[in-house]
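One structure below.
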């Protein structure tokens, strides 16, 4: 069953029903909240610069471009991208751009960060810097927001990009970050599956023990806002029949909306399998910092880039106290 408020468009009269993608609904919802001030870090290639400009043209963001001014203007001129109405702050190189962007956010001049044509590590080094970065008490983590054509739900996968081998405390924050995002953008209360290779707890597979511990932490109020179950194997987390065959009865099994993976390798392979074999679209967001951070890849489609921006805008709006009625 699709999440509340995210049903497809209904037919009018005798007209056929026209399906609306999950991402289109996210983008539409983001257009209903105030524009976010987006600090765009080192947009020195066509993909990153055009992505920021198109998000602005769609009414999602007000971009503040930070990077080598001459290089950004040269890209804009060569690719015929109009940046005349956007503020541009000169920074000599990618490292300086990352540092300046973080400084601007700390000064309250940005609601979110957008990665341009610099390495993720370079940006995250400034974000996580002690004393000058954007750290909070929460562990920083990444969430893939996926539109899988064969799955009714918008599917969150975490963490597949930041934490390589998270321990139990880190996983607690990874789960909480994803739950907070899910609820903040108007999806309601999420069903969270803690994944492993099997659905039974065994000392031979440590991830099953951590999954059970995370569920108990939710029972004790150490994780709030979601319905957790685990360990669950991937099949019985997302397929009702697989869950029935295994005799698993829970509110999560067979209809998960958030998939929490054991480690980065497992999550990265799962996400890319869905992208390349199931033709899924993937948006991505880094959470746990003072502001959401949009991480995009050169391989991302225009729709995926716009969806990443839309999710960040909705989350930033919720953090500012704006009402998110529905991501429909």
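The values are calculated or read from the model by the stated rules, or taken from the named source; none is laboratory data. Everything numeric in this text was worked out from a predicted model, so none of it was measured. Virtual Cβ from ideal backbone geometry, glycine too; neighbours counted across all protein chains shown.
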*What number of residues in the stretch 106-123 are in contact (Cβ under 8 Å) with a residue 60 or more places away in the chain and either out of contact with any helix residue (DSSP H, G or I) (no Cβ under 9 Å at 6 or more places or on another chain) or part of a loop (DSSP other than H, G, I, E, B) (or both)?*
8
_Filter result for residue 290 (farther than 19 Å from residue 145 by Cβ and in contact (Cβ under 8 Å) with a residue 60 or more places away in the chain)_ = yes
*Within the stretch 219-230, can you find the residues that are in contact with a helix residue (DSSP H, G or I) (Cβ under 9 Å, 6 or more places away or on another chain) and farther than 11 Å from residue 252 by Cβ?*
222, 223, 224, 225
_Can you pull out every residue in the stretch 198-234 that is exposed (fewer than 15 other Cβ atoms within 10 Å of the Cβ) and either under 23 Å from the mean Cα position of the chain (by Cα) or under 25 Å from residue 139 (Cα atoms) (or both)?_
206, 216, 219, 220, 221, 222, 224
*Is the stretch 246-255 home to any residue that is surrounded by fewer than 18 Cβ atoms within 10 Å (Cβ to Cβ), outside any loop (DSSP other than H, G, I, E, B) and assigned by TED's automatic domain parsing to the domain that holds residue 179?*
no
*Could we say that residue 299 is assigned by TED's automatic domain parsing to the domain that holds residue 53 and out of contact with any strand residue (DSSP E or B) (no Cβ under 8 Å at 6 or more places or on another chain) here?*
yes
_Candidates 307, 323, 318 - the one that is surrounded by 24 or more Cβ atoms within 10 Å (Cβ to Cβ), within 27 Å of residue 136 (Cα to Cα), in the same structural domain as residue 56 (by TED's automatic domain parsing) and at pLDDT below 95_ = 307
_residue 46 - would you say it is farther than 30 Å from residue 256 by Cα and either outside the structural domain of residue 183 (by TED's automatic domain parsing) or modelled with pLDDT of 95 or more (or both)?_
yes
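Each row is one residue, and each column tells you yes or no for (1) in a helix (DSSP H, G or I); (2) touching a helix residue (DSSP H, G or I) at 6+ places or on another chain (Cβ under 9 Å).
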position	(1), (2)
149	no, no
160	no, yes
166	no, yes
169	yes, no
188	no, yes
192	no, yes
198	no, yes
*residue 217 being assigned by TED's automatic domain parsing to the domain that holds residue 63 and not in a loop (DSSP other than H, G, I, E, B)*: no
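Residue by residue through the stretch 219-245, note down the ones that are farther than 17 Å from residue 151 by Cα and in contact with a strand residue (DSSP E or B) (Cβ under 9 Å, 6 or more places away or on another chain). Talk me through it step by step, then tell me what you get.
First, pick out the residues of the stretch 219-245 that are farther than 17 Å from residue 151 by Cα: 219-232, 244-245.
Correct list: 219, 223, 226, 227, 228, 229, 230, 231, 232.
With surrounded by fewer than 20 Cβ atoms within 10 Å (Cβ to Cβ) and outside the structural domain of residue 72 (by TED's automatic domain parsing) as the only criterion, which of 169, 173 stands out?
Unique residue meeting the criteria: 169.
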